[in-house]
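Student: Could you have a look at this structure, given as structure tokens, before my questions?
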Amino acid sequence: MLPAKARARARRLRRRLALILLLSPGLLCVGLDFANRGRHILRFDRLHALGYAATSLIVAALWGALLGAASARRGRGRQWAAGVLAVLFAFSIGVQQAFFLRWSVYASFYTSRSSDSLPLTIAGSLPLGRTGTLAWVGVAGVLAVFLVRLGRVAVRPSPRNRRALGILAAGLVVTVFAIPVSYEVSLESSAPAALYFHSLTRHVDARRQPPSEGDPRLVRVQVRSPLEVPRLTATPAVRRNVLFLLQESQRADSACLAGEEPCLRAARESHAALPHRMSFSQMRAAASSTAVAISNLWSGVDPTGSFAELHSAPLLWEYAAAAGYDTAYWTSQNLMFGNARLYVQDLPVRHFVTGSNLAPESDTLTGATDDSVVDHAIRHFGDLREPFFAVVHFSNVHRQRRVDPEKAPFQPYADVSGRHEEGRNHYKNAVYLSDAAMARLIRHVLSTEAGQRTVIVFTSDHGESLSEHDNEIEHSSTVFDEEIHVPAWVSAPQGVLTAAEEASLKGRRDEYLVQYDFAPTVLDLLGIWDAPEIRGFRERMIGAPMTRPERVDRAVPLTNVSWVWEYRLPNWGMLRGNEKVMALSADERYRCFDLDEDPEELDDLGESGCPELAAEARAKFRILPREMPAHMRSRPDIWGFGR
């Protein structure tokens, strides 16, 4: 038997070891967070640093209390405590680590508030296999079980302490789900576990609240379930790569047409880099909101289709990958906004970066700098294996807009309404800065050997209002031309297009076009359009390749209400050539415009001015936009947790 002093020393040592063990989960969480974003944490101001410290202490106390209660030598309570510790620790640590490694920020209420599914929110809406989410959850769960096993050897609380720890643990479980946190993705000055628990509470609370009359439950991007594209054999007319450059919020009147010299407009730098590109002067986006517009650009399908149709449609990368192309998606867009990440997170791409990866602190609307995504694309362009299909997607023209005072040729300028010259110049300076970054990428591509075999395709997702029609906001609120008339062009080195393709593209210069034609055009450039295996997918597309002489003469829908995205004040339209009908949420009838005679859309001809197109619009949308349509009232119930 040990002497009394030795027993006392052994008890003190065991208590110290027990204390270290109880503190270890909290210390591990803080250490892992510092390893992920230590520089960001050290830049917190005093207030946010205190918030981070407070939430970290609360989370550490939760783990310590649960571990202590689970370390009891007997009693059913210890099993409950062990189970709660294992589940909460596994998911809050595992999901957050997987989310951070994918997006360079943590899952929070901001990243989940548009989610329709509680189970998906619990998993961070991540693709479980490819991102290693299940593996991280499993590792964290095993670690929790291991700590409990150690605790039952080293901690062994007395019955009195066991009861106290159980009460404390129960109180802290409630606390971590209830405490406020800083969840804006550009800051996130709270412990990752606190962000995770708060997101679940807010998600459940938001789903329980009935929608108010003035604030309908808006559709936001959800997880896609694309149909599998069978293995394809690409047969392009010429061996080539395709680089798709996609701008944000750029109006058609900010760009010059091929041969327009001197080019003094905002997008002058890309024009200087490719002065002989093939331009399309009458290109329209199918929507004035990004999510709806890119679903059309990248899938080619009708945006008025069902939830299942829109979310099962393959995107251009899926076709390209099936045909053996190397694929890339590089964007400065911060895809944490409105679930936007869900639209691209499952893409079969080998090269992938987003705004939050480039700059975790970036604004969710403006994104990381367009220069940063160009730097990344230039650095990794040589990593692409030919043939390749790559998309570079810019973001800085989006409000709040990024402007550099040292590179602002349009004076005077100020961040004010577009009603004023200063506001219009502010917009032009944002376009100029982003376009200069894009031009730098174009010049690099042209300087490479692969670039001599690369077709460059360009457009903007939508335009931007500068208060021409007293639009509610700069885009999304209408389908007036200022919000959907966009620049577009195609450029290719000599010999990369056939004579017939080049003639067809040049012949479209002044033809009225809609971006539904972009997906078929890209598929044709990739040598996939004629593949019999995609006949069924092709039938769902409503455009045609601009690289071919065939024309599609039919009315096509314009809409900012879709199962991919929904603007709070619905608005729709139809376009056939220069004839356009549209209606806003308060309209009693469709408006009609002749875009040839009235390009500023000031003279509403009424439904009698284009009766056939107005009738098609009524058949397409069933009712006027002033009423919420029936097919948007009934929301899909995803996994039993829908709205």
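The values are calculated or read from the model by the stated rules, or taken from the named source; none is laboratory data. This one's a predicted model, so the numbers in the text were calculated from it and none came from an experiment. As a convention, Cβ positions derive from the backbone with ideal geometry for all residues, glycine included, and neighbour counts pool all protein chains shown. These accessible areas exclude ligands, DNA and RNA; they are computed on the full protein's heavy atoms, side chains included. Shrake-Rupley method; radii C 1.70, N 1.55, O 1.52, S 1.80 Å.
Student: Can you list residues from other chains, or at least 5 along the same chain, whose modelled amide H is less than 5 Å from the amide H of Thr454?
Tutor: Asn241
Student: Would you mind counting up the charge near Ser186? Only other residues with Cβ under 9 Å from its Cβ, with Lys and Arg at +1 and Asp and Glu at -1.
Tutor: With Lys, Arg at +1 and Asp, Glu at -1, the net is -4.
Student: Can I ask one more? Rounded to the nearest 500, what is the 222 nm mean residue ellipticity of the chain from helices alone, with -39500 (n - 2.57) per DSSP H run of 4+ residues and division by all residues?
Tutor: -13500 deg cm²/dmol
Student: I'm spelling it out carefully: the read-out is Cα extents along the principal axes in Å, the candidates are [x] 83, 56, 53; [y] 102, 57, 56; [z] 82, 60, 60, and one was derived from this structure. Which label?
Tutor: Recomputing Cα extents along the principal axes in Å here gives the entry labelled [y].
Student: Could you check the simple spin-label distance between Gln79 and Ala54, using points 7 Å along Cα→Cβ, in nm with one decimal?
Tutor: Once both label points are built, they end up 3.9 nm from each other.
Student: Just grab the label-to-label distance for Ala206 and Glu261, each label 7 Å out from Cα along the Cβ direction, in nm (one decimal).
Tutor: Each label point lies 7 Å from its Cα, and together they span 5.3 nm.
Student: Continuing with the same structure: Search the structure for amide H atoms under 5 Å from the amide H of Asn334, placed 1.01 Å from N in the peptide plane, and list their residues when 5 or more places away or on another chain.
Tutor: Correct list: Gly355, Gly367, Ala368.
Student: Let me ask something else. Roughly how many nanometres apart are two label points built 7 Å out from the Cα toward the Cβ at Ser447 and Glu502?
Tutor: 2.6
Student: Measuring from a point 7 Å past the Cα of Ala414 along Cα-to-C-beta, which residues in segment 459-503 have an amide N at less than 12 Å?
Tutor: No residue passes the distance filter.
Student: Working out 0.36 nm times the residue gap between Ser186 and Glu468, then minus their Cα-Cα distance, what length gain in nm do you get to one decimal?
Tutor: Separation in residues times 0.36 nm, less the Cα-Cα distance, equals 98.2 nm.
Student: Still on this model: If you roll a 1.4 Å probe over the heavy atoms of the protein chains, what accessible area per residue do you get for segment 388-432, in Å²?
Tutor: 44
Student: Once the other residues with Cβ under 9 Å from the Cβ of Gln515 are scored (Lys, Arg +1; Asp, Glu -1), what is the net sum?
Tutor: Residues close to Gln515 contribute a combined charge of -1.
Student: How many angstrom separate the Cα center of segment 522-590 from the Cα center of segment 268-335?
Tutor: So the separation of the two Cα centres works out to 12 Å.
Student: Taking 35 Å as R0, compute the FRET efficiency from the Cβ-Cβ separation of Asp553 and Asp598 and round it to 0.05.
Tutor: After rounding to 0.05, the efficiency reads 0.95.
Student: If I compute solvent accessible area with a 1.4 Å probe over the protein chains, what percent of it on the chain is carbon and sulfur?
Tutor: 56
Student: No partner Cβ under 4.7 angstrom, meaning no disulfide-compatible partner by this rule: which Cys of the chain qualify?
Tutor: Cys29
Student: Report the FRET efficiency, 1/(1 + (r/R0)^6), for Val145 and Glu386, where r is their Cβ-Cβ distance and R0 is 56 Å, rounded to 0.05.
Tutor: With a Förster radius of 56 Å, E is 0.70.
Student: Checking the cross-link filter: which aspartates and glutamates have an alpha carbon closer than 12 Å to that of Lys428, excluding same-chain neighbours under 8 positions apart?
Tutor: Here the aspartates and glutamates satisfying the reach criterion relative to Lys428 are Asp253, Asp404, Asp415, Glu464.
Student: Working out 0.36 nm times the residue gap between Val87 and Phe352, then minus their Cα-Cα distance, what length gain in nm do you get to one decimal?
Tutor: That works out to 92.3 nm of additional length.
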